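Values quoted throughout were computed directly from the atomic coordinates according to the rules given, and no laboratory measurement underlies them. On a predicted model such as this, the values are computed, not experimentally measured, just so you know. Methodologically, a virtual Cβ is constructed for each residue, glycine included, from the backbone with ideal geometry; neighbour enumeration extends over all protein chains shown.
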Amino acid sequence: MALVIIALTLWYANYITNKIQKDERLRVKLWSETVKKQAQLVNLTNQTFEQLKIEERENVALWVKALKEFAKERDDYTFVTEIVAQNNSIPTIVETIDRNGKFSVDYSARNVAKSKSDFDDEKAYQTYLKELINEWEKTNKSFTANSLYNQTQIVHYGNSKLFRELKSKSDSLIKGFNSELIKNNALLPILFINSKTREVIASNLPPEQITDSIAVEKMVIEMKADNKPITVSLSEEVDGEIYYFESATLKQVRYYPWIQLGIIALFLLVAYVLFSTFRKAEQNQVWAGMAKETAHQLGTPLSSLMAWIELLRAQGVDPSSLNEMDKDIIRLNTITDRFSKIGSEVKLEEKNVSEVIQNSIEYLEKRVSKKVQLIQNGEEVAVSMINVSLFEWVIENLTKNAIDAITGEGKIIYSVSIIDKQIIIDITDTGKGIPANKYKSVFQPGYTTKKRGWGLGLSLVKRIVEEQLKGRIFVKSSEIGVGTTFRIVLKTQNQ
């Protein structure tokens, strides 16, 4: 059911994503058609503008040709005069200089914005005309005509009022066109480039992202990975390609189901952790309750046995036998004390770990098979904060576990060392070994290889070491048929 829900969620999200993607492409396409129409209008205006510019230059050329006729001796100048008089729209300035070009003689103007009467003196008027000449020469090449009296006339001309008005409208149209390119209705990151020259026609991307041709091509590759480009013919010579990114909304919709599934997974993880924590707490309560109940149940028969021993001693029973019984009673008291400390805060004391291990070995040597040797080596003094009773229980359980793993003769080695302010205790046996995939399983409650085992020994050892002695225990190494090494790590006295 979970897989079905995930599949339906992803399918529906993909359906919505594709729908939004198609809508966005349609908006970009419609916008590109608008751009195309505006580009055609701009081209038409530019063509008209260029045609007018050519016609005006031809008119000026005709006007200059008429001026040249004045330099010839004619009987009738009427026609020439009419042509010169017809120029009432194109501003012109005739600069008259000597034949050798050494100095200017006069400036005469026609159709300019200001007349001589607008100035205080002739010099100011002449300066004004020179400024106009400098400005016109940037766009319109002047004409030269010879005149009478050994003089040359240079005709400078500017653009007509009609030309300037059309230019203003053309600039306004181009500005609006560029504005439309940048502020598109699609509201998407767009890059509009020339298909042939690969130059950027327009873009609403930040300028720092398209600083050069390499950056442009990199952006094109990224956008092309998102969406196929749209081709737009702006004119017969210019074809454009529109590249664009997905909108932020589309990306959010695309990733939303994964975010949603991630939140669900996080919720399930938190729920699992809480469940595991509560289960572990419950297990700890069961462990502690069982241990304390065991200690309580052992208390009554122990008290009775101590009384019976005193009665037997009073009746003159062999003292050596009673002494051994006393040792067993003391041992039972120790076991009762250990069980009573499970699940409780225990008092830790500074003790020499090596000495405690040696005492445990001496006790166990008399109670295990003579075929198994118990050997201790390493540091003789290794002081740590421990509880002696519980630590002895750990050593005894690990030793009994090692003895069970040994078939026939063998040995158990207890090595104590101090490394980086930590006490390292390695307990190595020559038993049958543990598979590598069982290193962690051996500490789980119920895990055992014995036919009649409960699988609680190593689990109890791990709880004592980690929860009450504040150390660590793990399988350091093991090899089938060779043996196993358990490692206990405790803090030194200085930590």
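Odds and ends about this structure:
- Looking at the stretch 386-495, the GluC sites (Glu not before Pro) that sit in a DSSP loop and have at most 11 other Cβ atoms within 10 Å of their own Cβ are GLU409.
- Segment GLN376-GLN151, extension gain: residue separation times 0.36 nm, minus the distance between their alpha carbons: 68.2 nm
- Filter on LYS37/LYS141; LYS280/LYS438; LYS167/LYS224; LYS400/LYS440; LYS370/LYS432; LYS351/LYS400 - keep pairs with C-alpha separation over 29 Å: LYS37/LYS141; LYS167/LYS224
- By the count of other C-beta atoms within 10 Å, a proxy for reagent exposure, ASP212, ASP23 are ordered fewest to most as ASP212, ASP23.
- Sorting the segments 157-166, 346-355 by their residues' average number of neighbouring beta-carbon atoms within 10 angstrom, most packed first, yields 157-166, 346-355.
- Calculated over the stretch 377-449, the projected area of the Cα convex hull averaged across directions stands at 6.3 nm².
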